[in-house]
Amino acid sequence: MSNKKKYIITAVTLGAIAACSGALIGVTNLVTRDRIAQNEKNKFNAGIVAVFGENSSVSDISDDFKEYKYITNAYVVNQNENNIGWAIKTSGSNAYGKISMIVGFNLEKTRVGTYMVVNEQSYASTLEDKYVVPLNEGTRDLDDVKCGATYGATLVKNMIDEAQNYVNGIVKE
């Protein structure tokens, strides 16, 4: 009889701990959900400004991106109510972590810049310092991915290539 009582007490105790933990996670989600969403929106807007400059705004391109591996959304970019290009939001991951970025194109469908929204790669600073920044400055070729963070650079290159293909083939002027 004492063994049954011990098992019941253990089960009830573990159940209570699990219920309290679940409630704590739920409350934390309620408190932080809006702030996290706002931070993501702010980071995206900062990326648009970084790639296209001040007074840039975006409007969503209604499209189905299921056929794409990396593209999650596409936007028409306007500045002073004039179309100045496209912003393609991409996301991907590899064994070293997740990357989400904005790839900007002008009306001539030339890449004008990239902005890392999320960079959770193990070698994140190496990737940005030795590949993304020189790529944006025009001092590094897109295909030159050997930078000390080759897997991350290859992922970035593949994401940019897919965005370029989308802009070249689907977006009509």
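None of the figures in this text is laboratory data; all of them are computed from the coordinates on show. Please read these numbers as outputs of a predicted model, since none were measured by experiment. No Cβ is skipped: glycine too gets one built from the backbone with ideal geometry, and neighbour counts run over all protein chains shown.
Before moving on, here are some points about what is shown:
- Computed on the Cα trace of the range 94-138, the radius of gyration divided by the Kirkwood hydrodynamic radius gives Rg/Rh = 1.03.
- Protection proxy ranking of 15-24, 126-135, 42-51, by the mean of other Cβ atoms within 10 Å over each peptide's residues and highest first, is 126-135, 42-51, 15-24.
- Entry note, the chain: the mean residue ellipticity at 222 nm calculated from DSSP H runs of n ≥ 4, each adding -39500 (n - 2.57), is -16000 deg cm²/dmol after division by the residues and rounding to the nearest 500.
- Hydrodynamic radius by Kirkwood, which averages 1/r over all alpha carbon pairs of the chain, in angstrom: 18.6
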